[in-house]
Structures are given as C-alpha cells and as structure tokens.
Amino acid sequence: MPRIHTRAEDIGFAGYMIDQGWVCVAEIDTGVAGFSACENEEVHALYVAGHARRAGIGSALLGALKKQYKQLNLWTFQSNADAQAFYLHHGFEMVEETDGARNDEGLPDMRFEWKRETS
C-alpha cells in the first residue's frame, strides 16, 4: 500500500478517533493486540498486530461491534484477500466495488455490509 500520510498524521487521526469515542482496544498479557474504530455503523478501522493474529482478537473486536449495532459497513482494498475472507466468514456481504478514484490511496476497493438477522 502506498504511504500517503506521515506518521504524525496517522497518530493525529488515531487521536481524533479516540477523542470521538470510536475506539475499542484489545489487550493481551504483552500489551495492546489490536483495536477497532467505529462511528455509528461505519467501521473505520479493525487492526490486529501481527504477533496477535489468528488468536480470535479480530473476531472478538468485530463481535463487540455486532452486539452494539444492527448493521455495519466497511471498506477494504480489493487486493486484501485476507480481510475479504475474514469479513465473509463473519457474515458480511460484498455490496460495492470501485476503481479507487474516491479513496486517498487511489486503489481499487470494496464495501462490505453486515446486517443482524431478525427473528
């Protein structure tokens, strides 16, 4: 992925998301393992540190969001096959693909959507 923001800009945006109350942090014995950031039903970030992947942390973060919201929307890059598989496994559907003209990176992306099943 191309680097389009400085580290300072990334940290500033992370601080903004925290200040808005959008962030949930997952910790393990060794420290922070991942986080999610969600504004209303829009997932802005779901990240798990490399050393903590495949341990259920991403599933737990996503599960917490699913309990809080009736539906969720998020974007991922078309080249991120692991993310696509993860979201599909967790009941999301791909609902839109773009050529990337509307995102900062200019990379083809796709929008996924999850809706809680009604009984």
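The values are calculated or read from the model by the stated rules, or taken from the named source; none is laboratory data. What you are looking at is a predicted structure, and each value in this text was computed from that prediction instead of being measured. Cβ atoms come from the backbone with ideal geometry, glycine included; neighbour counts cover every protein chain shown.
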What's the total number of residues in the range 17-51 that are among the hydrophobic types (A, V, I, L, M, F, W, C) and under 10 Å from the mean Cα position of the chain (by Cα)? 7
Please go through the range 74-119 and give me each residue that is of a type in the set (Asp, Glu) and in contact (Cβ under 8 Å) with a residue 12 or more places away in the chain, ordered by number. Glu93, Glu96, Glu97, Asp104, Glu105, Asp109, Glu113
Do any residues in the range 9-23 that are within 11 Å of Ala45 (Cβ to Cβ) have Cβ atoms under 6 Å from those of residues that are modelled with pLDDT of 90 or more and not in a helix (DSSP H, G or I), where the two are at least six apart or on different chains, and which pairs are they? Met17/Val23; Met17/Ala37; Trp22/Ala37; Trp22/Cys38; Trp22/Glu39; Val23/Phe35; Val23/Ala37
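A quick yes/no check of all residues on (1) touching a Phe, Trp or Tyr at 6+ places or on another chain (Cβ under 8 Å); (2) in contact (Cβ under 8 Å) with a residue 60 or more places away in the chain; (3) within 19 Å of Ala83 (Cβ to Cβ); (4) surrounded by 14 or more Cβ atoms within 10 Å (Cβ to Cβ):
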residue	(1), (2), (3), (4)
Pro2	no, yes, yes, no
Ala26	yes, no, yes, yes
Thr30	no, no, no, no
Ala37	yes, no, yes, yes
Asn40	yes, no, no, no
Ala45	yes, no, yes, yes
His51	no, no, yes, no
For the range 90-98, check the following and say yes or no: at least one residue is among the acidic types (Asp, Glu), surrounded by 14 or more Cβ atoms within 10 Å (Cβ to Cβ) and under 15 Å from the mean Cα position of the chain (by Cα). no
For the range 70-85, state whether one or more residues are under 12 Å from the mean Cα position of the chain (by Cα), more than 14 Å from Glu42 (Cβ to Cβ) and surrounded by 17 or more Cβ atoms within 10 Å (Cβ to Cβ). yes
So, Leu65, is that one under 25 Å from Arg3 (Cα atoms), among the hydrophobic types (A, V, I, L, M, F, W, C) and surrounded by 15 or more Cβ atoms within 10 Å (Cβ to Cβ) or not? no
